[in-house]
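Okay, so here's the structure we're looking at.
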Amino acid sequence: MHSLSVPASATRQWRALLWPDSVNRDRYVAGVLVSHFGLDPGVVTMKVAQMNRRGYIEVSAGPRERIEADVQALHEFGLQATMEEAAFPVEQTGGSHLQ
């Protein structure tokens, strides 16, 4: 019996990271997360505080193409964002914005 193998790139999980900067105020960052990503304002308040303490926050996770688009959107808002490969596989839902 033959089994189908899934290419490693198809199961990789990526995440978008948002970094604090000295230009954008917390209120602006929170507004972007609420308006663009649709995150709950209460969750966003906690995430922005976490970003200031830890130095970054994860704002979304999923397939590489979607995370590239998320990072590009954050850059268009003038925010500092990067992406990295995560250590866990992509869920069947195709990824999510963190809530």
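Brief remarks on what is shown
- For the range 43-89, alpha-carbon Rg relative to the globular expectation (2.2 N^0.38 Å, N residues): 1.20
- Point-charge dipole on Cβ atoms (K/R +1, D/E -1) for the range 29-77, about Cα centre, debye to 20: 240
- Relative contact order for the range 6-82, counting Cα pairs under 8 Å that sit 6 or more residues apart, in percent: 50
- For residue 36, the shell of other residues with beta-carbons less than 14 Å away shows a net charge of -1, using +1 for Lys and Arg and -1 for Asp and Glu.
- Applied to the range 54-67, the Karplus parametrisation 6.51 cos²θ - 1.76 cosθ + 1.60 on θ = phi - 60° returns per-residue 3J(HN,Hα) values of 8, x, 6, 9, 8, 9, 7, 8, x, x, 3, 4, 5, 5 Hz, with x for Gly and Pro.
- Zone residues, the range 14-37, relative to residue 68, backbone N less than 20 Å from point 7 Å out along Cα-to-Cβ: 14-18
All of the numbers you see were taken from the coordinates with simple rules; none came from a lab. This is a predicted model, so every value here is computed, not measured. FYI the Cβ positions are ideal-geometry reconstructions off the backbone, even for glycines, and counts take in every protein chain you see.
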